[in-house]
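The values are calculated or read from the model by the stated rules, or taken from the named source; none is laboratory data. Note that the structure is predicted; figures quoted are calculated from it, not measured. Because the Cβ atoms are built from the backbone with ideal geometry, glycine has one as well, and the counts that use them run over all protein chains shown.
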Amino acid sequence: MNKSPFNLEEWLIFLKDKKFPVEASNLARLKNQIKSPYETLDRMRSNIASEPLLAFAILNEANKVVPNKRSDIKTPNHAASMIGMSGIERVLDQLEPYEYSRKNPEQNSFLKEIQVSYEAAAIAKRWAIEKNISHIDDVFWVTFFRNAVRWLLWFHANEQMTEITHQLKKGISATQAELEHLGCRIDELTVKMMQYWNAPEIVINSFLTKHIPSAKELQSLANLTKHADQIPGFSEDKRLTILANGHLILSYCASKVAQEADVLGWGSKQLVFFYRVIAAVLHDKLGKVIQATHYGAVEAAAEFISDAKPPLARQLLSPLLYTKTSQVRATKKSDITPEQQLRKALEAPGLSNKQKAALVLKVIRVNISSAQHTIIFKYSESKGALSPILQYGYDIEVIKAIKWNNPSTTFDRLKQKRTAVLLSDKKLQQVLKTLPDTSDQIVDDNGNLILASTPVSEGEHHIYWLETRKAFSENDYKIVKQLLTIVSQ
């Protein structure tokens, strides 16, 4: 059995050797159309549009061979008209036929991922319409084709992609899951393959932080959307203003939203982060952005029908979409107290300190509904190092970018003894100035913050950071203190 690729170089070699899979009957029809002296490009367009990787190959060929073009060729129809019949015939060598079978998991996963890309593209297009951007079709196709490497990975590396999805559903970050199973990030692999295929430069740019915001910049944009019923303010950062006025940020965020909704459902709280970013980009209320997102998903369901998976729009019809979680929480609260929940969970033998912290986080999520964002830190006295070990609600790349070991009088106190404090209003403003590095930027000025710490073993402390843009009750604060007392015993 051949060894599976692992790391960027091996995946590049592996994918460069693969042809684009195209359904056999469509490929046969295309070959017959090319041979026919009576066939025209107009009559071939529906066949080209029905096969995404055929359209992608034609697009790449046009950008490769057309001389003196003023800009990228971004749409399949434009590309086909530029290279003509002879150019399309050259593309045939890059294609490989497959016979579709409903029982083939690789093919179904491949088609499912293509459907997710259609949904992302439709969402980005709808946002572009709301922003009054010209060339909305360009936005659609850039968003759609930027995920072509994901399609091929589902076709040729179904097992690894399935494992990555399982880990995402467990709350593990995409970075960690991809590095564990592929040995590289999918985005960096995509950039290299797009360059190899001569894909439009604008598609490649949609992955580069020169043209899209970094994780920290995305958080800055999200912070502009402070309240759902207010129009976000404007950024004073010149670069952020330029990026927000472009359309690549729409493609990037739409891809993230569609993938998140596909894996975790529309109820995923991570979606709110991207809604807040787009609200700042469109300079519109949060509700309008969510409405436009759902509208795009519905348009995709109507226009791009696939048997591989139910459309994301179908989830929007569920009467339990936004109520199921709260109903479960309410039931659990009435049956058993948070302290009892944690004590029962801690009965499992051989739990590590991190596993115990994960159980505390789970109880917090079930019982403190106002806790929108949570971070748990580990402090090692022997190493003198502080690091996040678990988090919920934040963008993981933003958390990683913060230098948590920078000087902080507040964290110094938290490292020394068991303590807890509920911060709001003026007290919160004062403490924000004493937090490490730029961590104050991820806290809403008008929100609440709970900081608590407890020793969990000899030489090791855990620090808990709970933040909300609403308000914590005294009971919420009491629950946190009780949980930390239990986990330290």
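Every test in (1) without any contact (Cβ under 8 Å) to a residue 24 or more places away in the chain; (2) closer than 17 Å to THR143 by Cβ; (3) more than 17 Å from the chain's Cα centre (by Cα) is passed by ASP187 save one, and that test is (3). Of the residues examined, TYR100 is not one that is among the hydroxyl-bearing types (Ser, Thr, Tyr) and either surrounded by 20 or more Cβ atoms within 10 Å (Cβ to Cβ) or modelled with pLDDT of 95 or more (or both).
Can you give me the ranges of the helices (runs of 4 or more DSSP H) entirely in segment 18-116 with at least 3 residues that are of a type in the set (Gly, Ala, Ser), in contact (Cβ under 8 Å) with a residue 12 or more places away in the chain and within 23 Å of ARG146 (Cα to Cα)? Show your work before the answer.
Details: elements: 24-35, 41-49, 52-65, 76-91.
The helices (runs of 4 or more DSSP H) meeting that bar are 52-65, 76-91.
Beta carbons closer than 8 Å, at least 6 apart along the sequence or on distinct chains, pair a first residue in segment 342-356 that is in the same structural domain as HIS462 (by TED's automatic domain parsing) and touching a residue at least 24 places away in the same chain (Cβ under 8 Å) with a second that is exposed (fewer than 12 other Cβ atoms within 10 Å of the Cβ) and outside any loop (DSSP other than H, G, I, E, B) for ASN353/SER457.
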